[in-house]
Amino acid sequence: MRIPIFQIDAFTDRLFGGNPAAVCPLSRWLPDATMQAIAAENNLSETAFFVPAGDGFELRWFTPAREVDLCGHATLATGHLVLRHLEPGRERVAFSTRSGSLEVIRDGELLALDFPAYPPRQVDAPAGLFDALGHDAEAVLRGNYLMVVYRDEHAVRALNPDFGAMLGAGLDEAIVTARGRGCDFVSRFFAPGYGIAEDPVTGSAHCALVPYWAERLGKTRLHARQVSRRGGELLCELRGDRVAIAGRAVTYLEGEIEIP
């Protein structure tokens, strides 16, 4: 069996930037164990698989360690594959997922995700959180992920977490964020419980980041930057109970996986 595979850098306009995702178009679902093995072999933060379903597609995402309920950059990458390569005459594509119906829509030179909003609420800091991250913070909240707010961009950039300590404290993941210099806010995303030490650009984290910063800054249109080593740019808008998360994507490679 030969399975097409594409690797696409999402939330960037240049190769070797943003967040790389593998995308595999399928005619029918493979066994879960096979998809998980492919994701582990790819060793990227996510591998997306999709199959036709009516006018759209069903879409699933796997980290090297497990399947996840929501992934932004691999959805953008899949939308890029469909709208730029497979069906370039389309203006939008809908995906049926574990998190409901998600769309990728052409927006000029950008592609925009239509995702659910998860406004975070303030919570007590879990035991061991600040020791694992290496620095106390201004606030701790929880939306779809734990979110830790720092005083400024420098503090976010300077963090060097102890991922073993995070796992030992039962912390699978954490968003860290602050006001940005030259943008509205910055973030990083650590996810050792998903087999990812630091995710380069995390679209799904912005389902909580956008409602938080929209309220704090008093504006609904936001320029976000994820300040990982590879880095990424996201143009976001809060639209009631939905968020639009727009960015660019670049195709890195196209090939085939051969499965006996």
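No value in this document is a laboratory result; all are computed from the given coordinates. None of these values were measured; they are calculated from a predicted model. Glycine also receives a Cβ, built like all others from the backbone with ideal geometry; neighbour counts cover every protein chain displayed.
Annotations
- Pairwise centroid distance, computed over Cα atoms, of segment 231-260 with segment 12-41, Å: 12 Å
- Across segment 108-260, Cα pairs under 8 Å and at least six residues apart give a relative contact order of 25 percent.
- For mean projected area of the Cα convex hull in nm², calculated from these coordinates, the label among (1) 16.1; (2) 13.3; (3) 14.6: (2)
- With a simple spin-label model that places each label point 7 Å from the Cα along the Cα-to-Cβ direction, the separation between ARG157 and VAL51 comes to 4.6 nm.
- FRET E, pair GLU87, GLU67, Förster distance 25 Å, beta-carbon r, rounded to 0.05: 0.45
- A run of the chain free of exposed loop cleavage sites, with GluC sites (Glu not before Pro) counted only in DSSP states other than H, G, I, E and B and at most 12 other beta carbons within 10 Å, reaches its longest extent at 139-260.
- Model label zone, VAL123; criterion: amide N under 16 Å from point 7 Å along Cα-to-beta-carbon; scope segment 201-241: 205-209, 212
- Relative contact order of the chain, defined on C-alpha pairs under 8 angstrom at six or more residues apart (%): 24 percent
- Residue with peak Gaussian network fluctuation, the chain [Cα springs, cutoff 10 Å], from GLY100, GLY168, GLY54: GLY54
- Applying 1/(1 + (r/R0)^6) with r as the Cβ-Cβ distance of LEU110 and ASP131 and R0 = 51 angstrom yields a FRET efficiency of 0.80.
- Sparse packing (at most 12 other Cβ atoms within 10 Å of the Cβ) combined with a DSSP loop state is found for the following chymotrypsin sites (Phe, Trp or Tyr not before Pro) in segment 1-78: PHE16.
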